[in-house]
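No value in this document is a laboratory result; all are computed from the given coordinates. Please read these numbers as outputs of a predicted model, since none were measured by experiment. Cβ coordinates were reconstructed from backbone atoms using ideal geometry, including for glycine residues, and neighbour counts include every protein chain displayed.
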Amino acid sequence: MRRLTWIGAGLVAAALLLLPPLSGFHPYYLYLVSTALLFGTLATAWNLLAYAGQISFGHAAFFGLGAYGAALASLGRFSPWWAIVLGGLLGAGGAGVIGLASARLQGAYLALATLAYAEIWRGIAHNWSEVSGGGAGLIGIPPLPPLPWLPLDFTRGRAGSYYLSLAFLLVVLALFAGILHSRLGLAFAAVREEEERASLLGVHPLPWKILAFALSGFFSALAGGLYVHMVRVVEPDLVFSRYFSILPLVMATFGGLHTLLGPATAALGLYLVSELLLQPYVPVFHQLPYGLALIVVVLYLPGGLAGLLPSPRPSPHRGEGR
Amino acid sequence: MSLTTLAQTLASGALLGCFYTLMALAFSMVLSVTRALNLAHGDLIILGGYLGYWFWSGSGLHPLLLVPVAGAALLPLALLWQWLFNRLPEPKELSSLVLTFGLSLLLQNIMLALWRGEYRLIASESLTGSIRLGGLRLNQGRLIVAAAALAAVGGLYLALTRTRWGRAVRATSLDREAAALLGINVDQATRTTFLLALALSGGAGVLFATLHYLYPAGGIELTLLAIVLTIWAGVGRLRSVLVAGVLLGVIEALTVAWSGPRWRELVVALLLLASLLARSGGLAGGRSH
Amino acid sequence: MALLEGRGLSMAFGGLLALRGVDIAVEEHQVVGLLGPNGSGKTTLFNILSGLLRPTAGQVWFHGTRMTDLPPWKISRLGIGRTFQIPRPFAHSTVFDNVLVGVTFRPRHRYHCPQDRRRETERLLGIVGLAEKAAANANELSLGERKRLELAMALSTRPTLLLLDELASGLSPKGREEVIRFYARLKERGLTIFAIEHSFRVLAQVADRLLVLDQGTIVADGRPAQVLGSPRVVEAYLGEDDHG
Ligand SMILES: Nc1ncnc2c1ncn2[C@@H]1O[C@H](COP(=O)(O)OP(=O)(O)OP(=O)(O)O)[C@@H](O)[C@H]1O
Ligand SMILES: [Mg+2]
């Protein structure tokens, strides 16, 4: 029964997601929804790291590294598609480096370290002008070329960019689901729940934590690379902006930590409420929902929205039927 | 860099350090009593600065007179902060960080709404002159800020070490339950700590606004500075905070003198990361002394 | 040479000396019992042996390799498994996953096929009698069930030496009987067991040797009959048995 409900909900969601471009949305709305989907990806990537017990306040670092990496590679005449992958690898590397800090720091102090790390990269982007273009950033980033087998226009506000963000989110969700059911997911959960106990069972926590950082950083950086190829500029204060650290954190905790669909759902909901309902009427307060959502979660909803569902979603490693 | 300029830079950094000390004390007071990290600390200071600017541009009063006014203006927020912090789930360090990340966002939005993201400075003429001291020329504004900050720090030191209230606050921060068992009114101690800490933040904001341009997103850097100082000095150790604050002010001044102001934020973030890694026991580690 | 050997182990917590120069040796395929009043340092000794604590003085050898400074995961991989006096499962994971972790990440007797890992997990759950609880969350278990889960988790890494911390305490008489049978079965399988028990009735039936710890020092060491007959032990324990 439950399974059918989920499949039904999935189909409805898929239909809703496929419809907007077909029904002739205004490009601005398409752009908004594409961005919301990218935030969904970012929130899911953030949640992957949280699944391994590591709370990041610095995902802007990974997003921005991906954005700069992809922009530089693209400007260096790599195919934009490969450039995005290179940016992803740069983000994974950058995330792995700060993951090393988890050997010494935990919880709030690791979170502070990631916060500082994102500020460091923002500072580097500001100051290393020869490479990053300094505060003005880089312009003239080429658009994503149509694929031979998929002739779509992927620039901002087009159906192509919408489908691309959607496909990317679905791929990351599928990978996340796969990871939860694999050895990786088992190790991540063990490290998260009781690191010491896990290590008594032969699990060396550090490599798993670094791996979680690298994976999460990789997906976030891919999102960054996609983003710059849609907006076609990159600036330190744009891509290393604290919002790319705060928003995935808000969305994932509000949607439900460690759940598969919660973060992406909350990302879509919060972002669209903020941009569609608040931005047009009270623009200065359009970020209000994020701050309020965070406060509500911390004080009243320890499990996020997913905690409100009637019964907890089954853990991926349930014993029966496997 | 000539010797005089170096001395000049050191002196001016040390003066700035006195301000940092005041700011960090307000942060670590809340931390020691509640075990909560207030990421919105810097935003509160900026808010105090904007309020000070607002009063100043409206009244033309001397900025020093506006320090207590801005401090008082933040008192209602202190009660809100305490109400929120009382409800934090465990682990408090982490949940407070998440909560105040949200509060910081809200404060920035409010400031954006009220002051439209414009850069503001309390450019009072009474602060612009400079004073010769030996071979050094010290900016009068900085001297006044440092003196005001030191006065506040000194007053706080006396209050914490010499009064009943101070004993209650120190006992509460050492061990809440034990303090309550000894008949200390820990709730009252906590509330007054919040009130005092936010009043100090608001006042510090006015001082800050006479030195630096305000902008709504500028708070995070102050928060990071406060955390660095708290790591260096340990929680609740006033004299070490002063030493650390002056050191940090000097480091900042040297950075700016050598490589320009663009490097300031980067250096602050690097200092924070390095300090966290070097002192991996957590901030409360300093409390056992 | 003994399988596990500790020499001159001391542990200070601030001013408190929890262990004062303890020497221990556990021979292969034996069941060695560790007795001692509350706070005598038994769990502290286990924490050192499993790598959670670094002793302030002294060394530990396992199979002749020195392991005093090794991290817990390396010690686990050498073949030492342990249970906790107060069970410490992964509370929000299923009982099945709790055991699957050790089965999946052990370096020896590793199964490469997930099917085999699952079968092995089911087998272990069967051994401790938790097969029907596989899908429950660990925090839904009763105390007795959690103790069994502890045992299954300790076994999941295929240890050669088991450190069991008060497996029988807090259980009903029937539960204790079961624990005694467990000890015998585990020994039959060739495991070496170093077990803390509060109740020496449990240990007297299964142990080959008993050690008694009091205020951080070993005060008796020998065959159960010898040790339990010694006046000092009788004095320390009289009437304690039923509290355990
Ligand atoms: N991590 C620690 N920090 C400080 N003191 C500790 C710590 N662990 C144990 N102790 C102290 O060391 C002493 C020995 O404790 P331990 O847990 O080893 O006793 P035990 O023999 O296992 O007792 P019980 O029968 O109650 O389990 C006790 O006084 C205890 O309070
Ligand atoms: Mg014990």
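Helix C:114-128 and the longest principal axis of the Cα set of chain C meet at an angle near 50°.
Alpha-carbon geometry of the stretch A:27-241: the Rg and the Dmax are 17.4, 55 Å, given in that order. Compute the helix-to-body angle for C:143-155: its Cα long axis versus the longest principal axis of chain C, expressed 0 to 90° and rounded to tens. Between helix and principal axis, roughly 80 degrees.
Express the Stokes-Einstein translational diffusion coefficient of the stretch C:23-62 in µm² s⁻¹, to the nearest whole number, given a Kirkwood radius over alpha-carbon pairs, 10 °C and a viscosity of 1.306 mPa s. Calculated translational D: 138 µm²/s.
Applying 1/(1 + (r/R0)^6) with r as the Cβ-Cβ distance of B:GLU125 and B:TYR157 and R0 = 41 angstrom yields a FRET efficiency of 0.80. Of the residues A:GLY269, A:GLY53, A:GLY217, the one that moves most in a GNM of chain A with alpha-carbon contacts below 10 Å is A:GLY269.
Taking C:GLU132, C:GLU120, C:GLU150 in turn, the Gaussian network model of chain C (Cα-Cα springs below 10 Å) assigns the largest fluctuation to C:GLU132. Relative to the dominant Cα principal axis of chain B, helix B:186-211 is inclined by about 10°. Within the protein assembly as shown, antiparallel bridges make up roughly 65 percent of the DSSP beta bridges whose residues both belong there.
Dividing the summed helix terms, -39500 (n - 2.57) for each DSSP H run of n ≥ 4, by the number of residues in chain C produces a 222 nm estimate of -11000 deg cm²/dmol to the nearest 500. Listed by Cβ neighbour count within 10 Å, with the fewest neighbours leading, B:SER130, A:SER74 appear as B:SER130, A:SER74.
When chain B is treated as a GNM with alpha-carbon contacts under 10 Å, the residue of B:ILE251, B:ILE131, B:ILE231 showing the greatest mean-square fluctuation is B:ILE131. When chymotrypsin sites (Phe, Trp or Tyr not before Pro) are flagged only if DSSP places them in a loop and at most 16 other Cβ atoms lie within 10 Å, the longest unflagged stretch of chain B comes out as B:1-118.
Per-residue mean of foreign Cβ neighbours for C:146-153 is 0 (Cβ atoms of other chains, 10 Å radius). Looking at chain C alone, DSSP beta bridges between its own residues are antiparallel in about 55 percent of cases.
Here the stretch B:126-279 is treated with +1 on each Lys and Arg Cβ and -1 on each Asp and Glu Cβ, and its dipole about the Cα centre works out to around 420 debye. For the stretch B:46-58, 3J(HN,Hα) computed residue by residue from phi via the Karplus equation (6.51, -1.76, 1.60; θ = phi - 60°) reads 4, 4, x, x, 5, 4, x, 4, 4, 4, 5, 5, x Hz, glycine and proline entered as x. In terms of surrounding Cβ atoms within a 10 Å radius of their Cβ, C:LYS42, A:LYS209 rank from fewest to most as C:LYS42, A:LYS209. Could you tell me the distance between the Cα centroids of the stretch A:205-231 and the stretch B:230-267, to the nearest Å? If you average the Cα positions of each part, the centres end up 33 Å apart. Averaged over peptide B:105-116, the number of partner chain Cβ atoms lying within 10 Å of each residue's Cβ comes to 4.
Average 1/r across all pairs of distinct alpha carbons in the protein assembly as shown, invert it, and you get the Kirkwood radius: 30.0 Å.
Each label point was placed 7 Å from the Cα along the Cα-to-Cβ direction; for A:ALA136 and B:LEU238 their separation is 5.1 nm. The stretch between C:ARG119 and C:GLU188 holds 22.6 nm of extra length on full extension. This uses 0.36 nm per residue minus the Cα-Cα distance. With contacts taken as Cα pairs under 8 Å and at least 6 residues apart, chain B reaches a relative contact order of 39 percent.
Anything over 27 Å Cα to Cα? Flag those among C:LYS42/C:LYS174; C:LYS74/C:LYS147; A:LYS209/B:LYS92; C:LYS42/C:LYS133; B:LYS92/C:LYS74, in the order listed. Over 27 Å apart, Cα to Cα: C:LYS42/C:LYS133; B:LYS92/C:LYS74. Residue farthest toward the positive end of the dipole of the protein assembly as shown, with Cβ of Lys/Arg at +1 and Asp/Glu at -1: which of C:GLN215, B:SER126, A:PHE63? Farthest towards the positive end: A:PHE63. Computed about the Cα centre, the dipole magnitude for chain A is approximately 540 debye when only Lys and Arg (+1) and Asp and Glu (-1) carry charge, each at its Cβ.
Ranking of C:ARG146, B:ARG167 by neighbouring Cβ atoms within 10 Å, starting from the fewest: B:ARG167, C:ARG146. Remark: relative contact order (chain C) = 26 percent; criterion is Cα-Cα distance under 8 angstrom and separation of 6 or more residues. Other protein chain C-beta atoms within 10 Å of residue C-beta, averaged over A:117-130: 4.
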